[in-house]
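Visitor: Once you've had a glance at the structure underneath, I'll fire off some questions.
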Amino acid sequence: MIRCIIVGLVIGLFAPTVVAATAAQIDAARNKGLAWLLLNQNGDGYWKGKAGTEVPATAAALEAFSNAKLSNYSYVKGVAWLSNAKVISVDSLSRRIIALKQAQLDVTSDAQQLLKWKNANVAWGAYDQYDTSFPDTPLALSAIRASQYTYTNQTNDIANALCRMLMAQKTGDVTVDGSWSYLPLNTTAPASVVASGVVPTVYNILEINGIRLAQGWVSLTCGTTSYTLQTAIDRGLNWLLSQKKLADGGFGENGVSSPFYTALVYQALLTLRPADPATTAALDYLISRQGVDGSWNNDPLQTGLALKALPALATPLTDTDKDGVPDAIELILRTNPNVADSGWLVDGNGQGAPGTTIPLVPAVQAVLNQSYSLLLPSGGGTAPYTWKTVAGSFPPGLTLNAATGQVSGAPTTLGLYNFSYSVTDATATTRTFLALISVSNTATGIADGDLTGDGWVGPADTALAEQIATGLVTPTPTQLSHGDVAPAGAPNGVINQDDVVRIRNKAAALEIF
């Protein structure tokens with residue numbers, strides 16, 4: 001165990017902000033990038049560039065949405081997918097914690113899992129108890145801090161992990177001094193992972209600063225060596241500026257700038273040296289490298305990183321028709337900002353799971369200014385349960401009873417409202433679900449597609465409708481009245497393939513009736 005001595009307090013430290021490019025340029029870049037993310041989300045909720053990047057790409061996209069205060073159906077769907085995704089690496093779990101905490105999700109179980117993955121040096125490697133590596137250790141520390149989870153001996157653990165980071169910072173000539181590599185130098189790993197790198201250097205800088213602010217530490221003694229945290233930060237930044245900054249204002253490896261590396265470095269510069277000319281140049285580089293389609297290199301991870309690096313919005317963008325897509329983005333998508341016409345963005349790919357990647361759809365929709373009640377499913381587990389909204393919103397006028405899962409009230413605004421909610425049972429197991437509520441001017445009638453009678457329209461209703469349409473099942477009078485949904489508004493007394501199509505569309509949230 002490393003003996004750690006914490007010295008001093010940091011007083012009055014604030015991270016100033018700066019706007020380098022013009023406000024119009026930043027707004028245009030943000031809107032184009034968000035439009036591209038909306039168009040390129042996978043049908044079951046995730047974003048993916050290169051193979052295996054689903055979790056980090058989705059986390060980055062969700063952080064970009066949070067940065068822009070965009071909490072629409074695409075965001076809710078991404079949150080639901082990410083919260084249910086299987087993760088096995090420290091990197092993926094850390095990024096998930098950070099993104100889901102921004103969505104106000106309970107990430108306690110993820111934080112506890114991440115702590116179990118610490119190695120014997122009280123640091124983190126790529127996977128469960130692997131040898132210490134970077135950026136895994138600073139990423140894990142930042143995720144635990146973001147989670148707001150606390151535990152016994154946490155301060156000592158932070159100090160020991162921070163010592164690992166400080167001791168791994170390189171010394172030597174200007175080509176390496178102040179930098180970090182992916183693995184400590186005292187390893188037999190390939191040269192590529194012990195060479196100085198932009199990624200480990202940026203994440204170590206950001207986390208040292210994060211700890212400095214959160215803990216109020218000025219210096220830390222590791223063994224017999226004392227480290228001043230600001231000095232370590234400055235050395236890292238100086239290495240990035242002297243060795244990785246290119247003439248075009250961007251940053252990169254091997255003498256070539258890239259949006260990926262520049263977005264990471266810009267985040268550090270904006271936080272720590274906002275007035276540095278290099279900060280302005282880095283933002284200008286990012287803006288100039290955005291593609292005509294709105295993406296950065298046609299990659300959701302790079303696009304998400306670039307967007308979340310932009311100055312955060314103080315208030316949500318104007319959304320006149322309240323369909324979840326702001327007016328400025330609708331103009332890019334060539335849709336009408338005055339008509340709720342964003343439903344085409346929710347098309348699935350056949351791999352969606354109701355409640356997880358496509359929303360649960362109530363059989364009966366709400367009517368404007370009329371009393372409405374809906375019980376949100378718990379999804380199983382051990383009673384008692386606690387319900388909580390995670391992202392999105394209910395129609396104005398409706399509220400959730402956290403103890404019963406009952407949504408009730410009288411909606412006061414027309415529109416389609418997507419939201420995600422979590423249910424925590426007696427064993428502290430939390431499940432997250434997607435759902436939607438539509439508010440219309442008139443009641444939809446008894447032909448609602450709910451053949452199973454559970455109050456919702458899902459795959460079971462579609463399957464039963466198909467069995468009835470093919471003659472395998474004879475419908476009861478109640479099933480016929482609920483399942484005869486076609487032609488729309490003019491039931492013909494039978495359940496056939498036209499009815500199956502409409503019920504399937506409603507179950508997939510492609511059509512609301």
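Visitor: So which residues in segment 152-169 are in a loop (DSSP other than H, G, I, E, B) and either out of contact with any helix residue (DSSP H, G or I) (no Cβ under 8 Å at 6 or more places or on another chain) or at pLDDT below 95 (or both), if there are any at all? Give the steps one after another, and end with the answer.
Guide: Keep residues of segment 152-169 that are in a loop (DSSP other than H, G, I, E, B), which gives 152-153, 169.
If the condition is that a residue be in a loop (DSSP other than H, G, I, E, B) and either out of contact with any helix residue (DSSP H, G or I) (no Cβ under 8 Å at 6 or more places or on another chain) or at pLDDT below 95 (or both), then THR152, ASN153 are the ones that fit.
Visitor: Working carefully through the options SER393, SER420, find the one that is assigned by TED's automatic domain parsing to the domain that holds LEU368, surrounded by fewer than 22 Cβ atoms within 10 Å (Cβ to Cβ) and in contact (Cβ under 8 Å) with a residue 40 or more places away in the chain. Reasoning before the result, please.
Guide: Working: SER420 fails: surrounded by fewer than 22 Cβ atoms within 10 Å (Cβ to Cβ).
None of the other options fit; the residue is SER393.
Visitor: Would you confirm whether or not segment 425-441 contains a residue that is more than 27 Å from the chain's Cα centre (by Cα), under 20 Å from VAL325 (Cβ atoms) and either among the hydroxyl-bearing types (Ser, Thr, Tyr) or surrounded by fewer than 18 Cβ atoms within 10 Å (Cβ to Cβ) (or both)?
Guide: Yes, the conditions are met somewhere in segment 425-441.
Visitor: Quick check on segment 184-204: of everything there that is aliphatic (A, V, I, L, M) and surrounded by fewer than 22 Cβ atoms within 10 Å (Cβ to Cβ), which residue is modelled with the highest pLDDT? Before you say what the answer is, go through the steps one by one.
Guide: So in segment 184-204, the residues aliphatic (A, V, I, L, M) come out as 185, 189, 191, 193-195, 198-199, 202.
Filter once more, so that each one left must be surrounded by fewer than 22 Cβ atoms within 10 Å (Cβ to Cβ): 185, 189, 191, 193-195, 199.
Numbers: LEU185: 74, ALA189: 72, ALA191: 76, VAL193: 78, VAL194: 86, ALA195: 91, VAL199: 97.
This residue is VAL199.
Visitor: Quick check on LYS101: is it outside the structural domain of ASP425 (by TED's automatic domain parsing), among the charged types (D, E, K, R), surrounded by fewer than 21 Cβ atoms within 10 Å (Cβ to Cβ) and part of a loop (DSSP other than H, G, I, E, B)? Step through it out loud before you land on a result.
Guide: Working: outside the structural domain of ASP425 (by TED's automatic domain parsing): yes; among the charged types (D, E, K, R): yes; surrounded by fewer than 21 Cβ atoms within 10 Å (Cβ to Cβ): yes; part of a loop (DSSP other than H, G, I, E, B): no.
In short, no.
Visitor: Here's another thing I want to ask about it. Among the listed residues ASP484, ASP450, ASP461, which satisfies the condition of being surrounded by 18 or more Cβ atoms within 10 Å (Cβ to Cβ), among the charged types (D, E, K, R), outside the structural domain of ASN72 (by TED's automatic domain parsing) and more than 22 Å from SER378 (Cα to Cα)? Steps first, please.
Guide: Numbers: ASP450 fails: more than 22 Å from SER378 (Cα to Cα); ASP461 fails: more than 22 Å from SER378 (Cα to Cα).
Result of the check over ASP484, ASP450, ASP461: ASP484.
Visitor: For segment 79-93, does any single residue satisfy the condition of being touching a residue at least 24 places away in the same chain (Cβ under 8 Å), under 26 Å from LEU283 (Cβ atoms), buried (at least 23 other Cβ atoms within 10 Å of the Cβ) and in the same structural domain as PRO138 (by TED's automatic domain parsing)?
Guide: No, segment 79-93 contains no residue that is touching a residue at least 24 places away in the same chain (Cβ under 8 Å), under 26 Å from LEU283 (Cβ atoms), buried (at least 23 other Cβ atoms within 10 Å of the Cβ) and in the same structural domain as PRO138 (by TED's automatic domain parsing).
Visitor: Taking the residues in segment 183-199 that are in a helix (DSSP H, G or I) and not small (Gly, Ala, Ser) as candidates, determine which candidate is nearest to the chain's Cα centre (by Cα). Walk me through it before giving the result.
Guide: Just the residues of segment 183-199 that are in a helix (DSSP H, G or I), to begin with: 191-194, 198-199.
If we keep only those that are not small (Gly, Ala, Ser) too, we end up with 193-194, 198-199.
Working: VAL193: 28, VAL194: 31, VAL198: 24, VAL199: 20 Å.
Out of the qualifying residues, it is VAL199.
Visitor: Exactly one condition in (1) assigned to a helix (DSSP H, G or I); (2) out of contact with any Gly (no Cβ under 9 Å at 6 or more places or on another chain) is false for ARG502; which is it?
Guide: Of everything listed in (1) assigned to a helix (DSSP H, G or I); (2) out of contact with any Gly (no Cβ under 9 Å at 6 or more places or on another chain), ARG502 misses just condition (2).
The values are calculated or read from the model by the stated rules, or taken from the named source; none is laboratory data. Fair warning: this is a prediction, and the values are worked out from it, not measured in the lab. Heads up, the Cβs are rebuilt from the backbone with ideal geometry, glycines too, and the neighbour counts pull from every protein chain shown.
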